[in-house]
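First up is the structure itself, then whatever we jot down about it.
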Amino acid sequence: MKRILGAAVLIAALTSAAQAETVRSKSFVGDIQRRAVTMQARDGAGSTPAVQVYVSVKTVAGAVPAQGQFKAAGAFAAKAGCRDKRALATILSGVTTSAAEFEVLCRGGQ
């Protein structure tokens, strides 16, 4: 479940440091950390810049999203995490007592 993409690509982290920010919508607040990665074809023929994003999502009231809100919270995480880039995959990686945790892989650089 922790794997963002299947066997099609290998993700290699670059040396850039993670960037952090907080984003708000009408329903959710997300604490976001990004880091640049490179997706490489399995056969080694080429690579594509990407961004791996970790988003902790709460409701605007500060609560953990309810199970019925996970789909909307994931869409928020993808949009906020990727900004104007295309989200390739969004995974609900866990739910803590304080937030729903998402991992998002975005096509394109930071």
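Bear in mind that the values in this text are calculations on the coordinates, not laboratory data. Bear in mind that the values here come from a model prediction, so they are computed numbers and not experimental data. Here the Cβ positions follow ideal geometry from the backbone for every residue, glycine too, while neighbour counts run over all protein chains shown.
Before moving on, here are some points about what is shown:
- Sites ALA63 and ARG107 - FRET efficiency at Förster radius 25 Å, r taken between beta-carbons, to 0.05: 0.20
- The THR38 and ASP84 beta-carbon pair, evaluated with R₀ = 30 Å, returns a calculated FRET efficiency of approximately 0.95.
- Phi-derived couplings, Karplus 6.51 cos²θ - 1.76 cosθ + 1.60 at θ = phi - 60°, listed residue by residue for region 80-92: 5, x, 8, 6, 9, 8, 8, 7, 8, 7, 10, 10, 7 Hz, with x used for Gly and Pro.
- Evaluated at q = 0.14, 0.16 Å⁻¹: base-10 log I(q)/I(0), Debye formula over Cα of region 23-94: -0.47, -0.59
- Note that region 23-36 has calculated 3J(HN,Hα) couplings of 10, 10, 10, 5, 10, 10, 10, x, 8, 10, 10, 10, 8, 6 Hz, one per residue in order, obtained from phi through the Karplus relation 6.51 cos²θ - 1.76 cosθ + 1.60 (θ = phi - 60°); glycine and proline are x.
- With a Förster radius of 22 Å applied to the beta-carbon distance between LYS71 and THR48, the computed FRET efficiency rounds to 0.20.
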